[in-house]
Amino acid sequence: ILDQHWAAIMALLPDSGGQIILQEGVYLVESPLAIDQNNVRISGQGSGTVFRVQDGANIAAVFDVTGNDVQVADLAIDGNKGQATCEAGIRISTQGGKLQGVTCRNISGSGIVVSGGSEITLLGNASTDNGAAGIYVESSTDITIEANTCRRNYEQGIYLFQSNRCSVIANKCLQSGG
């Protein structure tokens, strides 16, 4: 289970930030993976790098991003809806950063959540079969949401709440409620 080793992995990065590249495989998660350090990039090998919520787990998010200028790319998050509870695939509450090429699926809550963030780009992500919104942005400013696909989410494909100066460009929202 990856979260048992996550703090040790993050501690290997220098204070100035760094990059963690994860190989293909399924990484089980029972508690949020905190990214609280600035200038960090987490990347996988595309859809073959899967972070899956462990059966019976009840977590707020798979990734909890609070470090500034963090990038997460090229991986998938499976919330294991029906067997586990996960409020968000990835929760971002920071200044600066980018989420690109990330797939969030089967989350009991929203796939991607930006809360109290600014200057964040969500580019080319997919959010599918989630229990709430595909992408949920609240109390945030200067968020760019571009070329994402939100499909079969129970609530909205993309939902902005009390947010300012956000750009929503060329996204596809299909078969979502709300």
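The values are calculated or read from the model by the stated rules, or taken from the named source; none is laboratory data. Everything numeric here is computed off the predicted structure, so don't read it as measured data. As a convention, Cβ positions derive from the backbone with ideal geometry for all residues, glycine included, and neighbour counts pool all protein chains shown. Heavy atoms of the whole protein, side chains included, go into the accessibility calculation; ligands, DNA and RNA do not. Shrake-Rupley method; radii C 1.70, N 1.55, O 1.52, S 1.80 Å.
For the chain, modelled as a GNM whose springs connect Cα atoms under 10 angstrom apart, the maximal fluctuation among 22, 122, 99 occurs at 22.
Extension gain, residue 23 to residue 167, is 48.6 nm, computed as 0.36 nm per intervening residue step minus the present C-alpha separation. Highest mobility in the GNM of the chain, judged by mean-square fluctuation with C-alpha springs under 10 Å and restricted to 168, 102, 70, is found for 168. For the chain, the share of accessible area belonging to carbon and sulfur comes to 43 percent (1.4 Å probe, ligands and nucleic acids excluded).
Computed 3J(HN,Hα) for segment 103-114, one whole-Hz value per residue from the Karplus formula 6.51 cos²θ - 1.76 cosθ + 1.60 where θ = phi - 60°, is 10, 10, 9, 6, 8, 5, x, 8, x, 10, 10, 10, glycine and proline marked x. Each listed q (0.08, 0.15, 0.18, 0.19 Å⁻¹) maps to a log10 I(q)/I(0) for the chain from the Debye sum over equal C-alpha point scatterers, namely -0.20, -0.76, -1.12, -1.25. Per residue, the chain exposes an accessible area of 44 Å² to a 1.4 Å probe, with every protein chain left in place. P(r) for segment 32-75, from all Cα pairs and a bin width of 10 Å, is 26, 48, 25, 1 %, short bins first. Label-to-label distance for residue 146 and residue 5 is 3.6 nm, based on points extended 7 Å past Cα in the beta-carbon direction.
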